[in-house]
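Remarks on the structure that follows.
The values are calculated or read from the model by the stated rules, or taken from the named source; none is laboratory data. Predicted model only: the values in this text are computed from it and were never measured. Glycine gets a Cβ as well: all are built from the backbone with ideal geometry, and neighbour counts include every protein chain shown.
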Amino acid sequence: MILELNQISNRDTCLLYLYRILRQPSDLLKAIYTDAEPKVCQIQSGSESDTYYKGEQLYSYKLEAELSEDKIPYLEFECENENMLKQLVDFIHYDTETHSLYAVTSALAEPVTVKIYEVYSIHAISGTLALFYEGIKALYDNLNQIRDEIGELSPQAAVINGRDDDLVEFSNTDNDENMSVRDTGYHIATALTERRLVNPSQELLSRLTRVLNGNIIIDITDGMHRVLDGFVNCTIFISGNGSWVFRDIISTINIYSSQETAEMKFYNCSLVYFRHVKDLTADSANIKVKAVSLYRTTAVGAQGEIDELSLADNSVYVSIADSVKKLNYVGAGCTFSTSANCPEFNMTDILGNVCINGYNTAQSENINIMNGRTVGFNYNQHDFEMPSLHITALDEGYVHITEGDESMIIH
């Protein structure tokens with residue numbers, strides 16, 4: 001098959017650019033064919049052939065690349081010397097049987113690189129579309145068959161045991177030609193609405209929908225250990241004598257009532273409040289926790305007592321009106337701040353930041369620890385004393401800054 005070069009290559013666009021008809025090089029005019037990796041070869045000299053064009057003998061330039069017979073080649077010409085591309089005007093056509101280009105010139109002054117992309121013909125694309133149509137038709141016929149089988153189901157076969165919003169599936173065993181319907185074991189769930197849970201089992205907490213559409217209240221009286229994780233939206237209120245592990249919770253956690261035997265650990269929680277809310281319960285006004293550990297968590301203490309507090313992994317605890325008796329550990333990057341009490345601590349356990357307002361009540365003393373080191377004390381003053389500043393003389397254009405005897409002068 002003889003293919004005209006202006007139909008299967010970028011030869012014409014190369015020439016248009018060289019004569020400044022195009023405003024950008026032809027290699028920037030890419031098409032969808034460049035999605036595949038090309039086969040690359042070079043041409044420079046041709047050999048005599050038996051083919052003639054308008055009375056002139058043509059020379060064949062063999063392309064040393066294996067090409068597919070069912071695809072059409074698309075050629076891209078490249079050369080470091082742009083002026084060399086002008087000689088491409090002497091190339092006439094490409095022969096798919098000999099895999100050669102034919103030109104009226106016998107040789108090129110410099111090698112020219114040829115990138116060969118293989119693209120599908122219109123005939124091949126039409127065949128693919130025909131196969132796709134046949135597949136769609138087969139699928140449509142299969143759907144009609146399924147409709148007919150569903151129509152033949154008896155009312156007894158269509159009745160299943162399950163809850164509302166359960167998903168069902170159609171099944172057909174090898175021994176039974178009739179189709180049946182059964183419960184998939186999956187349930188369509190929506191956001192969890194506001195509710196109150198008393199001594200819920202760990203299995204129930206694990207199966208709750210993690211997206212909250214209202215606040216939930218969890219009351220514990222059995223003293224058991226539980227884990228809560230993955231909740232988002234609204235607020236979770238916790239009370240009782242149980243110990244907890246909270247993990248990966250974006251919802252606000254409010255500890256509003258607990259007993260002194262409770263231990264709580266928070267891993268990657270957005271915000272934790274130790275705060276009593278009167279409208280939730282009538283007889284629990286105290287918040288007492290034996291030990292609290294924070295990991296990547298921010299907590300605020302508004303009420304209650306905490307015997308031992310540990311902070312790690314960039315956690316923050318702000319004590320407003322509660323009582324923290326002892327700081328077990330404040331890790332690097334963590335911050336503990338209080339103006340309500342003076343907890344006990346050992347400097348060897350403080351690697352982060354601690355700010356205590358009124359550390360020594362008699363002297364109104366504040367203590368500030370940054371990165372495990374005490375940075376200073378303040379005695380009845382708001383800020384540290386500032387050192388005097390020295391102004392360097394500056395003379396730049398119309399700006400003149402000098403230091404006088406008593407003040408800075410700007411001209």
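Data table
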item: Residue in region 174-190 that is in a loop (DSSP other than H, G, I, E, B), closer than 25 Å to Ser68 by Cβ and at pLDDT 70 or above present; result: no
item: Out of Phe384, Phe345, Phe336, sole residue that is more than 40 Å from the chain's Cα centre (by Cα) and at pLDDT 85 or above; result: Phe345
item: Ala321 vs. criteria under 26 Å from Ser339 (Cβ atoms) and out of contact with any Asp or Glu (no Cβ under 8 Å at 6 or more places or on another chain); result: yes
item: Selection count, region 71-95, where residues are in a strand (DSSP E or B) and more than 17 Å from Asn6 (Cβ to Cβ); result: 2
item: Members of region 96-153 found to be surrounded by 13 or more Cβ atoms within 10 Å (Cβ to Cβ), in a loop (DSSP other than H, G, I, E, B) and touching a residue at least 60 places away in the same chain (Cβ under 8 Å), listed by number; result: Thr96, Ser106
item: Some residue of region 289-304 being more than 20 Å from Phe336 (Cβ to Cβ) and surrounded by fewer than 21 Cβ atoms within 10 Å (Cβ to Cβ); result: no
item: Some residue of region 13-33 being at pLDDT 60 or above and among the β-branched types (Val, Ile, Thr); result: yes
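This table checks each residue for (1) at pLDDT 90 or above; (2) assigned to a strand (DSSP E or B); (3) of a type in the set (Asp, Glu).
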residue	(1), (2), (3)
Asp222	no, no, yes
Arg226	yes, yes, no
Ser239	no, yes, no
Ile250	yes, no, no
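Results for (1) modelled with pLDDT under 90; (2) assigned to a strand (DSSP E or B), shown as yes or no for each residue.
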{"position": "Tyr256", "(1), (2)": "yes, yes"}
{"position": "Met264", "(1), (2)": "no, yes"}
{"position": "Cys269", "(1), (2)": "no, no"}
{"position": "Val277", "(1), (2)": "yes, no"}
